[in-house]
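Enquirer: Encoded as structure tokens, here's the structure I'll be asking about.
The values are calculated or read from the model by the stated rules, or taken from the named source; none is laboratory data. Nothing here was measured: the structure is a model prediction, and the numbers come from that model. A quick note on method: Cβ atoms are made from the backbone with ideal geometry, for glycine too, and the neighbour counts reach across all protein chains shown.
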Amino acid sequence: MNILSETVKLDKYKPKFLKALMEFKLPTEKAQYTALPAVILEKLTDNQYPVVILSNDEPVGFFLLQSTDRVREFTDNPRALLLTALSIDNSKQGKGFAKEAMKLIKQFVNQELPEYNEIILAVNHKNIPAQNLYKRVGFSDTGKRKIGKIGEQFIFNTYI
């Protein structure tokens, strides 16, 4: 089942989306903070749930939800999901797709992964646009910090 807003819907990854996702590009300043869908999809493991952001049934974005051991780096909640690799294809940026997708994420998790009650993520301290996006759609800064590959990361969460 997919979750729909007026212009955006979320859907579980399906092979029919692969070609479009493999063609995603990101500007250098944004690529440092995330991973392209092509990289994520070739390394998928158990307890990872790739999600495609669609507009008019065409992939415009992507993210990964996971309940792997990596989640424990951020929270002790056994019912938490870690959100990683949010990206919007370069040609589709600036149109509000990420914001709309993040507005739908709780409803999506509720329907597709109802055993989970929290979404947690790490956002780089220099990535102000992403911090602002997450705050606007209901995520909160937990006050926890983690050092990532390119510096300090703020840990945000939201409850479902």
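Enquirer: Do you know which residues across region 28-38 are of a type in the set (A, V, I, L, M) and in contact (Cβ under 8 Å) with a residue 40 or more places away in the chain? Let's see the steps before the verdict.
Expert: First, pick out the residues of region 28-38 that are of a type in the set (A, V, I, L, M): 31, 35-36, 38.
Within region 28-38, ALA35, LEU36 meet the criteria.
Enquirer: ILE105 versus (1) farther than 16 Å from VAL51 by Cβ; (2) modelled with pLDDT of 95 or more: which is the lone unmet condition?
Expert: Result: ILE105 fails condition (1) only.
Enquirer: Residue check, SER67 against (1) more than 22 Å from ILE155 (Cβ to Cβ); (2) crowded, with 18+ Cβ neighbours inside 10 Å, all met but one. Which one?
Expert: Condition (1) is where SER67 drops out.
Enquirer: Would you check if PHE108 is part of a strand (DSSP E or B) and surrounded by 12 or more Cβ atoms within 10 Å (Cβ to Cβ)?
Expert: So PHE108 fails the test.
Enquirer: Does region 104-116 include one or more residues that are under 17 Å from PRO78 (Cβ atoms) and over 16 Å from the mean Cα position of the chain (by Cα)? Before you say what the answer is, go through the steps one by one.
Expert: Of all residues in region 104-116, those under 17 Å from PRO78 (Cβ atoms) come to 109, 113-116.
Imposing the further condition that a residue be over 16 Å from the mean Cα position of the chain (by Cα) reduces the set to 114-115.
Scanning region 104-116, I find at least one residue that is under 17 Å from PRO78 (Cβ atoms) and over 16 Å from the mean Cα position of the chain (by Cα), so the answer is yes.
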